[in-house]
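Read through the structure below, which is laid out as structure tokens, and then see the notes.
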Amino acid sequence: MRLTVLGCAGSFPGPEAACSAYLIEADGFRLLVDFGSGSLTALQRYAGLHAVDAILLTHLHCDHILDAVTYVVVRRYAPDGPYPPLPVYAPAGAPDRLASAYSQEETGVDDVYTFYGLQPGSFPIGPFTVTVDRVNHPVETYGVRLEHNGRSLAYSSDTAPCEALLRLAQGADLFLCEASYLDGVDNPPDLHLTGREAGEIATKSEVGRLVLTHLVSAWGSEALTHEAAASAFAGPVEIARPGARYDI
């Protein structure tokens, strides 16, 4: 598998990064996990405008879905289009959410996307075995585990600490984990992780590598987040960057 980070900013685009969007490739198949604000630019820069075979949206907060709305234009109105509907795996409510964000006057985006509702469990997407489970966030949100040819990638999505995340990350070769908040401040409960918490989960789950994502640049600190995670996890730790690629 190859992971390409398209966007990694938390909650809103940062000065140098779009919001969450991660392209995972294997056997010529390209799965886009989340499609956050600004990431359509990065998709064109690091992969290609049509370099998507399926989309998985972990939850319906704007910073994880909004460029799936913009992408309607790409597939519906391209001079060589329209393109056939693209599979989208997402929580309940995704069709109405994307359609209403696109237009109040037009009805539906079913000509662009074929929707499949997420539920806890395992299923195939292209060459991947995908496992999702509900994690600890205010809306219906799924952490993700992808497996292919004996290798595994786990992605936290947005979550506070929870048992489901420990299960999804167990033994993963690469753990892409959010670290939105700094320790020692008054963080809202049941919302996000700190760098220390991400490191603790990585240690308990015995992952191979920890990549921290969803940092909120406006009120966080990459240095402090990295330091906190590394204090709790002895393996490799790094901060996700747009365009970074990982072979798993």
query: Do the conditions hold for Ala198, that is, is it open to solvent by less than 30 Å² (accessible area, probe 1.4 Å) and over 25 Å from Val139 (Cα atoms)?
result: no
message: Which condition from (1) of a type outside the set (Phe, Trp, Tyr); (2) in contact (Cβ under 8 Å) with a residue 60 or more places away in the chain; (3) open to solvent by 40 Å² or more (accessible area, probe 1.4 Å) is the one that Ser157 breaks?
response: (3)
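Looking at segment 179-195, which of its residues are under 14 Å from His137 (Cβ atoms) and in contact (Cβ under 8 Å) with a residue 24 or more places away in the chain?
Ser180, Tyr181, Pro189, Asp190, Leu191, His192, Leu193
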- line: Of (1) in contact with a strand residue (DSSP E or B) (Cβ under 8 Å, 6 or more places away or on another chain); (2) buried (at least 17 other Cβ atoms within 10 Å of the Cβ), Tyr102 satisfies every one except (1)
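Quick one: which of Gly126, Gly117 is surrounded by fewer than 19 Cβ atoms within 10 Å (Cβ to Cβ), out of contact with any Asp or Glu (no Cβ under 9 Å at 6 or more places or on another chain) and of a type outside the set (Ser, Thr, Tyr)?
On the way: Gly126 fails: out of contact with any Asp or Glu (no Cβ under 9 Å at 6 or more places or on another chain).
Going through Gly126, Gly117 in turn, just one is surrounded by fewer than 19 Cβ atoms within 10 Å (Cβ to Cβ), out of contact with any Asp or Glu (no Cβ under 9 Å at 6 or more places or on another chain) and of a type outside the set (Ser, Thr, Tyr): Gly117.
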- prompt: Being open to solvent by less than 30 Å² (accessible area, probe 1.4 Å) and in contact with a Phe, Trp or Tyr (Cβ under 6 Å, 6 or more places away or on another chain), is that true of even one residue in segment 204-213?
  reply: yes
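Look through segment 67-88, keep the residues that are aromatic (Phe, Trp, Tyr) and closer than 25 Å to Pro124 by Cβ, and return whichever of them is farthest from the chain's Cα centre (by Cα). First the steps, then the outcome.
Quick first cut of segment 67-88, residues aromatic (Phe, Trp, Tyr) only: 71, 77, 83.
From what is left, the residues that are closer than 25 Å to Pro124 by Cβ are 71, 83.
On the way: Tyr71: 17, Tyr83: 24 Å.
Applying the filter and picking the extreme gives Tyr83.
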query: What number of residues within segment 27-67 satisfy the criterion of being in contact (Cβ under 8 Å) with a residue 40 or more places away in the chain and open to solvent by less than 10 Å² (accessible area, probe 1.4 Å)?
result: 10
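Residues of segment 171-195 being open to solvent by less than 10 Å² (accessible area, probe 1.4 Å) and of a type in the set (Phe, Trp, Tyr), which ones? Spell out how you get there, then give the answer.
From segment 171-195, those open to solvent by less than 10 Å² (accessible area, probe 1.4 Å) are 172, 174-180, 193-195; that's our starting set.
Passing the criteria: only Phe175.
Could you tell me whether any residue of segment 82-99 is of a type in the set (Lys, Arg) and in contact (Cβ under 8 Å) with a residue 40 or more places away in the chain? First the steps, then the outcome.
Just the residues of segment 82-99 that are of a type in the set (Lys, Arg), to begin with: 97.
After this cut, where a residue has to be in contact (Cβ under 8 Å) with a residue 40 or more places away in the chain as well, the list is none.
No, there is no match, as no residue in segment 82-99 is of a type in the set (Lys, Arg) and in contact (Cβ under 8 Å) with a residue 40 or more places away in the chain.
Across segment 160-178, what is the total count of residues that are touching a residue at least 60 places away in the same chain (Cβ under 8 Å) and either more than 12 Å from Arg209 (Cβ to Cβ) or of a type in the set (D, E, K, R) (or both)?
Step one: of segment 160-178, the residues touching a residue at least 60 places away in the same chain (Cβ under 8 Å) are 173-174, 176, 178.
Narrowing further to those that are either more than 12 Å from Arg209 (Cβ to Cβ) or of a type in the set (D, E, K, R) (or both): 173, 178.
Within segment 160-178, residues that are touching a residue at least 60 places away in the same chain (Cβ under 8 Å) and either more than 12 Å from Arg209 (Cβ to Cβ) or of a type in the set (D, E, K, R) (or both) number 2.
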Restricting segment 137-154 to residues that are within 15 Å of the chain's Cα centre (by Cα) and free of Cβ contacts under 8 Å to residues at least 60 places away in the same chain, the residue that is least open to solvent (accessible area, probe 1.4 Å): Ala154
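Only strands (runs of 3 or more DSSP E) wholly contained in segment 5-108 count here; list those with 3 or more residues that are within 21 Å of Arg241 (Cβ to Cβ).
Numbers: elements: 21-26, 29-35, 54-56, 86-90.
In segment 5-108, 21-26, 29-35 are the strands (runs of 3 or more DSSP E) which contain 3 or more residues that are within 21 Å of Arg241 (Cβ to Cβ).
The values are calculated or read from the model by the stated rules, or taken from the named source; none is laboratory data. Worth saying up front: this structure is predicted, and the values here are computed from it rather than measured. Glycine gets a Cβ as well: all are built from the backbone with ideal geometry, and neighbour counts include every protein chain shown. Ligands, DNA and RNA are excluded from the accessible area calculation, which covers all protein heavy atoms including side chains. Shrake-Rupley method; radii C 1.70, N 1.55, O 1.52, S 1.80 Å.
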